[in-house]
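Q: My questions will all concern the structure given below.
The values are calculated or read from the model by the stated rules, or taken from the named source; none is laboratory data. As the structure is a computational prediction, the values presented were derived from the model and not from experiment. For neighbour counting, all protein chains shown are included, and Cβ atoms are generated from backbone atoms with ideal geometry for every residue, glycine included.
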Amino acid sequence: MEVLQQSVDLHAISPEIVLATAAAIVLVADLFLPREAKWLAMPLAAAGLIATLAAVVSLMGEDKGTFEIAGDPTFVVNDFALLFKTLFCLIGLGIVAISFNYFRSGHYYQGEYYFLMLTSLLGGLVMSSARDLVSIFIAIEMISIPAFVMAGLRKGDPKSNEAALKFFLFGVLSSALMLYGMSLVFGVTETTVLTQINERLGAIGDEPIVVLGVFFVLVGFAFKISAVPFHFWAPDTYEGSPSPVAAFLSTSSKIGGFVGVLVLMFVAFPEVADSWRPVFALLAVLTMSVGNLVALRQQHMIRLLAYSGIAQSGYVLVTLALISPGADITNQEALTGAIVYLAVYAMMDLGAFAAAVSFARKGGSYFISDYSGLWQRSPMLATLMAGFLISLAGAPPMAGAWAKLFVFLAAIEAEVYWLAVVMGINAVIAAWYYLAVVKRMFFDAPESDEAVEVPWLLRAAMGAPAMLLVAAFIFPPIITEFADRGIT
């Protein structure tokens with residue numbers, strides 16, 4: 001029996017310790033806070049996230065530690081892990097800012113909500129460092145299980161109940177398929193450590209049992225990242241959930257799933273890439289195309305952002321369809337494109353949800369028809385919303401343009417030209433429905449003259465991502481340097 005060798009100090013796992021402690025403090029404090037002071041759970045959660053971010057920053061540039069089994073890493077603290085831990089903390093702070101006014105003004109259990117959100121984010125931190133099938137499965141469940149509960153926090157709303165039940169049922173099914181695939185991989189390789197799996201699959205090759213195991217793992221993660229044809233739960237769940245929860249599912253939860261896929265595909269399964277690369281190419285095409293085409297017909301902003309998020313997942317899947325055994329340069333460019341895209345997507349999608357929540361809070365709704373003439377009612381809100389939508393479309397002057405360009409160039413470099421063409425066509429389709437909303441805001445007559453008031457926390461939730469996206473567009477090394485360090 002292999003012995004677990006610990007070569008990591010508490011400093012190396014301090015982000016997980018701090019965030020777990022913060023979640024516990026929020027939960028315990030909520031037990032003693034009077035009803036009128038329940039809102040204090042929000043600043044406690046924000047403080048915990050800031051402390052976690054400080055712990056992550058303190059690890060940058062240092063000699064990181066690892067947990068090892070027989071000399072092979074099972075939990076690593078490297079630049080890739082720190083990059084995504086930073087991203088999860090930033091997303092968490094954005095979600096907290098979006099959530100405060102929304103949950104304080106309704107009949108919600110605020111302490112439980114912030115505890116569940118921090119717990120799910122903790123799963124994202126663990127996923128960033130996990131290099132073992134067991135820890136990856138635990139991490140994805142830590143991300144998903146709290147999200148099941150958060151989706152149903154509007155207990156008196158039938159749509160919220162339906163959203164939570166649908167999310168739970170498909171989430172459990174995806175976990176079962178993923179676990180079955182992992183058991184097949186373990187049965188063939190006799191190990192759960194990703195580096196050892198890669199070595200042994202290199203010797204075994206693409207045996208049918210190996211291909212089947214990898215296939216079930218991919219199907220399980222395809223549900224988590226809402227890839228077509230496993231996407232059908234996402235739009236209804238997003239619409240029925242509280243809007244900040246929909247923002248959380250579209251950013252943190254989805255990116256957590258993608259981190260798991262990247263780690264598995266680039267660390268554990270690259271030697272059998274020839275078997276699963278066509279599957280990713282098919283998933284990418286279907287996800288981009290179906291997401292964009294269905295988004296064209298949406299009249300509800302949350303559902304539009306849901307289908308938009310599905311289409312955005314397709315662009316990331318393009319990078320996974322480019323991996324080849326032994327093609328180090330191509331693989332590095334593909335991984336760089338995926339990291340950059342996920343980082344940029346988190347900011348622009350978070351900002352778009354913050355703008356939608358801001359508009360619906362007072363003087364508006366989530367129906368796109370109500371956005372007519374928003375420029376005259378709130379120039380700041382209309383400008384920020386337009387900026388996020390333009391960035392999602394992949395156009396300047398926001399960093400979404402670079403994100404799509406890096407993935408497109410990676411496909412060209414890998415000589416998968418047909419996939420680059422499909423991506424380009426889908427980018428044009430997406431621009432149509434994004435710009436249709438922008439046109440409605442700036443050129444249509446408003447149905448109401450009432451000004452849209454935006455609280456300062458929601459302004460911060462929109463302003464910070466907008467500034468990051470503009471800065472990254474003007475100076476791309478802001479994101480490319482981190483991505484390059486991550487793949488190194």
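Q: Of all residues in segment 104-130, which are of a type in the set (Phe, Trp, Tyr) and buried (at least 24 other Cβ atoms within 10 Å of the Cβ)?
A: Across segment 104-130, the qualifying residues are 113, 114, 115.
Conditions (1) of a type in the set (Lys, Arg); (2) in contact with a Phe, Trp or Tyr (Cβ under 9 Å, 6 or more places away or on another chain); (3) over 30 Å from residue 76 (Cα atoms), marked per residue:
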{"site": "412", "(1), (2), (3)": "no, no, yes"}
{"site": "418", "(1), (2), (3)": "no, no, yes"}
{"site": "432", "(1), (2), (3)": "no, no, yes"}
{"site": "442", "(1), (2), (3)": "no, yes, yes"}
{"site": "470", "(1), (2), (3)": "no, no, yes"}
{"site": "485", "(1), (2), (3)": "yes, yes, no"}
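Q: Considering each of 218, 212, 201 in turn, give the residue that is in contact with a Leu (Cβ under 7 Å, 6 or more places away or on another chain) and not aromatic (Phe, Trp, Tyr).
A: Checking each option against the conditions leaves just 212.
Q: For residues that are within 19 Å of residue 396 (Cβ to Cβ) and free of Cβ contacts under 8 Å to residues at least 40 places away in the same chain, tally how many sit in segment 437-470.
A: The qualifying residues number 2.
Q: Restricting to segment 444-459, and then to whatever is surrounded by fewer than 16 Cβ atoms within 10 Å (Cβ to Cβ) and under 26 Å from residue 309 (Cβ atoms), can you tell me which residue is farthest from the chain's Cα centre (by Cα)?
A: Ranking the candidates gives 444 first.
Q: Pick from 277, 297: which is more than 16 Å from the chain's Cα centre (by Cα) and more than 28 Å from residue 196 (Cβ to Cβ)?
A: Answer to the check: 297.
Q: Something else about it: Closer than 25 Å to residue 165 by Cα and in a helix (DSSP H, G or I): is that true of residue 81 in this structure?
A: Details: closer than 25 Å to residue 165 by Cα: no; in a helix (DSSP H, G or I): yes.
Taking the combined requirement at face value, the residue does not satisfy it.
Q: Now for a separate question. Among the candidates 19, 33, 27, single out the residue that is at pLDDT 95 or above and not small (Gly, Ala, Ser).
A: Just one listed residue meets the conditions, 19.
Q: Just to be sure I understand the filter: pairs with C-beta atoms under 7 Å, separated by 6 or more residues or on different chains, first member in segment 265-280 and within 17 Å of residue 205 (Cβ to Cβ) and without any contact (Cβ under 8 Å) to a residue 12 or more places away in the chain, second member of a type in the set (Phe, Trp, Tyr) and in a helix (DSSP H, G or I). Which pairs pass?
A: none
Q: From the set of residues in segment 150-175 that are among the aliphatic types (A, V, I, L, M) and touching a helix residue (DSSP H, G or I) at 6+ places or on another chain (Cβ under 8 Å), which is surrounded by the fewest Cβ atoms within 10 Å (Cβ to Cβ)?
A: 173
Q: (1) at pLDDT 90 or above; (2) in contact with a Lys or Arg (Cβ under 7 Å, 6 or more places away or on another chain): which one isn't true of residue 323, the others all being true?
A: (1)
Q: While we're looking at this one, here's another question. With the condition being of a type in the set (Val, Ile, Thr), I'd like the helices (runs of 4 or more DSSP H) fully within segment 200-280 carrying at least 2 qualifying residues.
A: Counting at least 2 such residues, we get 208-224, 254-263.
Q: Go through 51, 70 for me and flag whichever is modelled with pLDDT of 90 or more and of a type outside the set (Asp, Glu).
A: 51
Q: OK, next. Touching a Phe, Trp or Tyr at 6+ places or on another chain (Cβ under 6 Å), of a type in the set (A, V, I, L, M, F, W, C) and under 15 Å from residue 242 (Cβ atoms): is that true of residue 148 in this structure? Give the derivation first.
A: Working: touching a Phe, Trp or Tyr at 6+ places or on another chain (Cβ under 6 Å): yes; of a type in the set (A, V, I, L, M, F, W, C): yes; under 15 Å from residue 242 (Cβ atoms): yes.
Yes.
Q: Could you go through segment 110-121 and let me know if any residue there is in contact with a helix residue (DSSP H, G or I) (Cβ under 6 Å, 6 or more places away or on another chain) and of a type in the set (Asp, Glu).
A: no
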